[in-house]
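Below you'll find the structure, written out as structure tokens, and then a few comments.
The values are calculated or read from the model by the stated rules, or taken from the named source; none is laboratory data. As the structure is a computational prediction, the values presented were derived from the model and not from experiment. A quick note on method: Cβ atoms are made from the backbone with ideal geometry, for glycine too, and the neighbour counts reach across all protein chains shown. Protein only, heavy atoms only, side chains kept; ligands, DNA and RNA dropped before computing areas. Shrake-Rupley method; radii C 1.70, N 1.55, O 1.52, S 1.80 Å.
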Amino acid sequence: MNNNDKITAVCPGTYDPVTEGHLDIIRRAAILFDRVVVGVLASSPRKDTLFGVDEREAMLEASLPSNTNIKVEVFDTLLVDFARKWGASALVKGLRAISDFEYEFQMAQLNRKLAPDLETIYLMASPEYSFLSSSGVKEIAKYGGNVDDLVPEAVIRRFEELFQ
Ligand code: PNS
């Protein structure tokens with residue numbers, strides 16, 4: 001298989017900040033695909049972010065092993081255009097609960113309309129992360145709660161700087 005035959009998946013998100021749940025999905029996708037591009041959305045129209053995009057990207061990079069089939073890239077376009085740019089055949093996302101389903105179903109159908117040849121694949125969240133969200137950990141950290149098992153070291157350090 002030469003470089004151009006690599007089957008690529010994109011794991012998109014805002015990653016504000018990355019959680020252990022995100023990392024679990026990214027690592028599992030990297031077992032299934034030749035290459036995983038973690039797409040960090042620069043600016044979300046739906047929500048303001050606590051962390052700037054460079055910081056969100058840096059925390060992801062610090063939390064993922066280097067020299068593997070995983071790379072982190074920022075995007076500020078339609079997701080399908082970003083996926084096309086990397087020659088991806090699939091978008092891979094995590095699904096935690098039925099409450100995720102409606103939003104994800106809508107996104108998957110819109111993306112399918114825009115790019116019929118790009119599959120959206122959902123990996124079930126591992127049980128230990130099925131309750132975990134970036135907004136939840138931000139709230140816990142803001143009020144001084146312990147997020148040690150929920151986010152990687154790089155995020156814990158940033159929370160300490162911000163909230164202590
Ligand atoms: O972690 P999030 O906030 O749930 O991730 C949302 C994300 C980045 C997957 C979504 O907002 C996205 O794909 N944005 C890029 C713009 C786009 O393509 N929107 C969907 C097409 S209608």
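Report, by residue number, each residue of the stretch 34-61 that is open to solvent by 70 Å² or more (accessible area, probe 1.4 Å) and either among the small types (G, A, S) or assigned to a loop (DSSP other than H, G, I, E, B) (or both). Answer for the stretch 34-61, where residues must be open to solvent by 70 Å² or more (accessible area, probe 1.4 Å) and either among the small types (G, A, S) or assigned to a loop (DSSP other than H, G, I, E, B) (or both): P45, R46, K47, D48, L50.
When the stretch 67-77 is examined, which residues are found to be within 14 Å of the ligand (Cβ to nearest atom) and either more than 14 Å from A9 (Cβ to Cβ) or β-branched (V, I, T) (or both)? Of everything in the stretch 67-77, those that are within 14 Å of the ligand (Cβ to nearest atom) and either more than 14 Å from A9 (Cβ to Cβ) or β-branched (V, I, T) (or both) turn out to be V72, V74, F75, D76, T77. Restricting to the stretch 14-49, and then to whatever is of a type in the set (G, A, S) and free of Cβ contacts under 8 Å to residues at least 60 places away in the same chain, can you tell me which residue is farthest from the ligand (Cβ to nearest atom)? My answer is A30.
Taking first residues from the stretch 109-135 that are over 29 Å from V151 (Cβ atoms) and partners that are charged (D, E, K, R), the Cβ contacts under 8 Å between residues at least 6 apart in sequence or on separate chains come to A115/R84; L118/R84; L118/R112. Per the conditions (1) of a type in the set (D, E); (2) closer than 24 Å to Q164 by Cβ; (3) within 13 Å of the ligand (Cβ to nearest atom), the sole criterion not satisfied by E57 is (3).
I'd like to verify a number: residues in the stretch 1-55 that are small (G, A, S) and more than 22 Å from I140 (Cβ to Cβ), how many? Number of matching residues: 6. Here V80 passes the criteria (1) over 23 Å from D117 (Cα atoms); (2) within 11 Å of the ligand (Cβ to nearest atom); (3) not polar (S, T, N, Q) except the one numbered (1).
Scanning the stretch 99-129 for residues that are open to solvent by less than 90 Å² (accessible area, probe 1.4 Å), away from the ligand (no atom under 13 Å from the Cβ) and either in a helix (DSSP H, G or I) or at pLDDT below 95 (or both) yields one hit, Y129.
Considering the stretch 136-154, and only residues there that are among the small types (G, A, S) and free of Cβ contacts under 8 Å to residues at least 60 places away in the same chain, the residue that is surrounded by the most Cβ atoms within 10 Å (Cβ to Cβ) turns out to be A141.
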